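The values are calculated or read from the model by the stated rules, or taken from the named source; none is laboratory data. Here the structure is a predicted model, which means the values were calculated and not measured. Don't worry about glycine lacking a Cβ; one is built from the backbone with ideal geometry, like all the others, and counts go over all protein chains shown. These accessible areas exclude ligands, DNA and RNA; they are computed on the full protein's heavy atoms, side chains included. Shrake-Rupley method; radii C 1.70, N 1.55, O 1.52, S 1.80 Å.
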Amino acid sequence: EAGVAQSPRYKIIEKRQSVAFWCNPISGHATLYWYQQILGQGPKLLIQFQNNGVVDDSQLPKDRFSAERLKGVDSTLKIQPAKLEDSAVYLCASSELAHWNTQYFGPGTRLTVL
Amino acid sequence: TQLLEQSPQFLSIQEGENLTVYCNSSSVFSSLQWYRQEPGEGPVLLVTVVTGGEVKKLKRLTFQFGDARKDSSLHITAAQPGDTGLYLCAGAAGGSYIPTFGRGTSLIVHP
């Protein structure tokens, strides 16, 4: 079974530029999560989708971050414009609807904002 | 304020030593998960504990869920260099389905 795929693995941009990350969850997983993990900290949930609907986005900085999962499968997370403090690893995870507390994570995208 | 407090934050030990890491909260959790994360990779689920007082063993790792379902511990017996990594606890408080993670315990096991 293929795992959660993310791309790109690394991205370096300058502040005020835009960036987008892509995630393809495990086939059949209804729930998809985007996390931000700053160095030395645990992952912080940004947004949680169930199919193509948003379950929670209370910690998503909506003035600059956006995410979509239009067809209920893959998802994109966008930052526009980026700030220095957005430098982090962005992790995508997915889970089955019936086993929401068992999350499978992708390798993450390491973003550096200069 | 972290919903899940993990301690210690860092741990550096020699191969063969035992260790315990803790995950504490003032909130009740329906379940808690423990993950291990290696550099450059996403977290990998080790175990889920559901019942208060539950003890689960995974080879040299022993996980315990507190009776009140507010805390958990992970004990590693005879640590090996392959145990090196960031250990994270996670869960959803109360009846929520929205997960939260602790800051993690960074473990280094020296050969």
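Of note:
- Rounded to 5, percent antiparallel among DSSP beta bridges of the protein assembly as shown: 90
- All C-alpha to C-alpha distances of the protein assembly as shown, sorted into 5 Å bins beginning at zero, yield P(r) values of 1, 7, 15, 18, 18, 16, 12, 7, 3, 1, 0 percent in whole numbers.
- Highest-fluctuation residue, A:Gly53, A:Gly42, A:Gly28 considered, GNM on chain A with Cα pairs under 10 Å: A:Gly42
- J(HN,Hα) series, the stretch A:12-23, from Karplus relation 6.51 cos²θ - 1.76 cosθ + 1.60, nearest Hz, glycine and proline x: 10, 9, 9, 4, 6, 7, 10, 8, 9, 10, 10, 9
- Oblate is the label for the stretch B:32-86, because a/c, from the alpha-carbon gyration tensor with a ≥ b ≥ c as root eigenvalues, is 1.5 or above and a/b does not exceed b/c.
- With the gyration tensor restricted to C-alpha atoms of the stretch A:62-108, the semi-axes of the equivalent ellipsoid amount to 24, 14, 8 Å, longest first.
- Comparing B:Tyr97, B:Tyr35, B:Tyr22 in a Gaussian network model of chain B where C-alpha atoms under 10 Å apart are linked, the largest mean-square fluctuation is found at B:Tyr97.
- From phi via Karplus (6.51, -1.76, 1.60), per-residue ³J(HN,Hα) for the stretch A:78-89 in Hz, x at Gly/Pro: 10, 10, 7, x, 7, 10, 4, 6, 7, 4, 4, 9
- Column: log10 I(q)/I(0), Debye, Cα scatterers of chain B, q = 0.13, 0.19 Å⁻¹: -0.44, -0.92
- If only the Cβ of Lys and Arg carry +1 and only the Cβ of Asp and Glu carry -1, the dipole of chain A around its Cα centre is close to 400 debye.
- Counting Cβ atoms of other protein chains within 10 Å of each Cβ in B:29-37 and taking the mean gives 2.
- For chain A, the solvent-accessible area with a 1.4 angstrom probe is 50 square angstrom per residue.
- Distance from the alpha carbon centroid of the stretch A:1-74 to that of the stretch B:56-111 works out to 24 angstrom.
- Shown in residue order for the stretch B:6-14 are the 3J(HN,Hα) couplings computed by the Karplus curve 6.51 cos²θ - 1.76 cosθ + 1.60 at θ = phi - 60°: 10, 8, x, 6, 10, 8, 10, 9, 8 Hz (x for Gly and Pro).
- Apolar share of the accessible surface for the protein assembly as shown: 50 percent from carbon plus sulfur atoms, 1.4 Å probe.
- Averaged over the residues of peptide A:35-43, the number of Cβ atoms from other protein chains lying within 10 Å of each residue's Cβ is 6.
- If you bin all the Cα-Cα distances of chain A at 5 Å, starting from zero, the percentages per bin are 2, 13, 24, 26, 19, 10, 4, 1, 0.
- Among B:Gln37, B:Gln80, B:Gln14: highest mean-square fluctuation, GNM of chain B, C-alpha pairs under 10 Å: B:Gln14
- Dipole axis of the stretch A:1-72 (+1 Lys, Arg; -1 Asp, Glu on Cβ), positive-most option in A:Ser66, A:Ile13, A:Gln48: A:Ile13
- If only the Cβ of Lys and Arg carry +1 and only the Cβ of Asp and Glu carry -1, the dipole of chain B around its Cα centre is close to 220 debye.
- Size of charge dipole - the protein assembly as shown - debye, nearest 20, with Cβ of Lys, Arg +1 and Asp, Glu -1, no other charges: 380
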